[in-house]
1. Considering every residue within the stretch 94-106, establish whether at least one is over 14 Å from VAL11 (Cβ atoms), free of Cβ contacts under 8 Å to residues at least 60 places away in the same chain and open to solvent by less than 50 Å² (accessible area, probe 1.4 Å).
2. Just to verify a result, which residue in the stretch 71-82, among those that are of a type in the set (S, T, N, Q) and open to solvent by less than 60 Å² (accessible area, probe 1.4 Å), is nearest to ALA160 (Cα to Cα)?
3. May I ask you to list the residues in the stretch 55-82 that are out of contact with any strand residue (DSSP E or B) (no Cβ under 6 Å at 6 or more places or on another chain) and under 16 Å from ASN99 (Cα atoms)?
4. Quick one: how many residues across the stretch 107-125 are closer than 21 Å to LEU36 by Cβ and open to solvent by less than 60 Å² (accessible area, probe 1.4 Å)?
5. Please go through the stretch 196-231 and pick out each residue that is at pLDDT 95 or above and open to solvent by 60 Å² or more (accessible area, probe 1.4 Å).
6. Having 2 or more residues that are under 30 Å from ASP47 (Cα atoms) and hydrophobic (A, V, I, L, M, F, W, C) is the bar; report the strands (runs of 3 or more DSSP E) wholly within the stretch 115-227 that clear it.
7. Among the residues of the stretch 30-70, which ones are acidic (Asp, Glu) and open to solvent by 40 Å² or more (accessible area, probe 1.4 Å)?
8. Please determine whether any residue of the stretch 6-18 is surrounded by 15 or more Cβ atoms within 10 Å (Cβ to Cβ) and touching a His at 6+ places or on another chain (Cβ under 9 Å).
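The values are calculated or read from the model by the stated rules, or taken from the named source; none is laboratory data. Values in this document were obtained by computation on a predicted structure and should not be read as measured data. In this analysis, Cβ positions are derived from the backbone assuming ideal geometry, glycine residues included, and neighbour counts consider all displayed protein chains. Calculation scope for accessible area: heavy atoms of the full protein, side chains included, ligands and nucleic acids excluded. Shrake-Rupley method; radii C 1.70, N 1.55, O 1.52, S 1.80 Å.
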Amino acid sequence: MSENQYKISVVIPLYNKSELTKSCLESLIENSKIPLEIILVDNASSDDTQKVVEILRPVMEGLKWKVTLLSNDQNVGFGRAMNQGARVATSEYLALINNDIWVMPGWDEKLITEIERLSADMVSPYYYEKEFVSKEIILSLADDFINKNINKQRRFWGSAFMFFRRSSFFSLGMFDERFFVTYEDTDLKKRANDTGFKYFLVSNCFIWHKSKGTRGDNHNLEMPKIEQQGLDLFIDKWGYDPRPAQNTKWAKL
């Protein structure tokens with residue numbers, strides 16, 4: 001399959017938490033309908049992340065997927081890792097996702113349909129953050145949610161799973177790489193709002209997300225400092241504190 005036949009490039013930054021990476025990749029393998037370009041950016045993981053990737057690589061390549069692993073010799077942060085992956089992507093659409101998610105069957109076809117139906121620059125699926133009990137229960141919840149909210153959408157920026165037109169992501173200038181792991185998505189949303197960018201939360205796709213699962217204990221000792229640095233950078237750049245208006249909870253559609 002030639003490069004231009006991949007419609008979606010999936011970019012996933014990795015930093016430890018190999019069990020989440022394994023679950024995420026397995027859900028993509030099990031529930032994707034079209035061949036994907038998978039771009040994994042490892043931020044110098046110290047666990048068995050790369051071993052997990054190499055075990056699953058032949059499975060993905062057996063599906064005629066293109067798999068690329070980029071390895072950094074230090075943790076360069078979330079936004080910079082996303083940009084690294086986006087720069088080598090070849091597809092029309094970019095799925096920029098955390099490794100702490102699980103996707104529903106047909107997520108890829110559904111999001112292509114939604115971004116085209118809405119003539120949008122970016123769409124995000126609804127995500128569910130309560131405990132992952134079993135695939136069967138999550139699938140049942142997904143079916144119930146979608147049936148109740150078919151073809152609904154609302155203007156909302158979802159940062160755990162961003163499905164862009166690749167050209168639109170580049171038109172925004174990608175992530176500001178001065179941010180390390182906080183406020184980079186808030187900054188991108190600010191630029192999107194300033195430029196008339198069309199983005200929506202869509203109800204026809206449902207995923208599970210382990211809230212802050214990727215962070216886990218990766219940065220716990222440093223997170224207050226890292227968050228403050230991100231906030232200070234945002235305020236210095238834009239001249240206001242985004243927190244009072246920032247809504248990080250998914251409202252019901």
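1. No, the stretch 94-106 contains no residue that is over 14 Å from VAL11 (Cβ atoms), free of Cβ contacts under 8 Å to residues at least 60 places away in the same chain and open to solvent by less than 50 Å² (accessible area, probe 1.4 Å).
2. Narrowing the stretch 71-82 to residues of a type in the set (S, T, N, Q): 71-72, 74-75.
Then keep just the ones that are open to solvent by less than 60 Å² (accessible area, probe 1.4 Å); that gives 72, 75.
Working: ASN72: 22, ASN75: 19 Å.
It comes out as ASN75.
3. LEU56, ASN75, GLY77, GLY79, ARG80
4. 12
5. LYS198
6. On the way: elements: 122-128, 161-165, 199-209.
Correct list: 161-165, 199-209.
7. Residues of the stretch 30-70 that are acidic (Asp, Glu), as a first pass: 30, 37, 42, 47-48, 54, 61.
The answer is GLU30, ASP47, ASP48, GLU54, GLU61.
8. Of the stretch 6-18, the ones surrounded by 15 or more Cβ atoms within 10 Å (Cβ to Cβ) are 6-18.
Of the ones still in play, those that are also touching a His at 6+ places or on another chain (Cβ under 9 Å) are 15.
Within the stretch 6-18, one or more residues are surrounded by 15 or more Cβ atoms within 10 Å (Cβ to Cβ) and touching a His at 6+ places or on another chain (Cβ under 9 Å).
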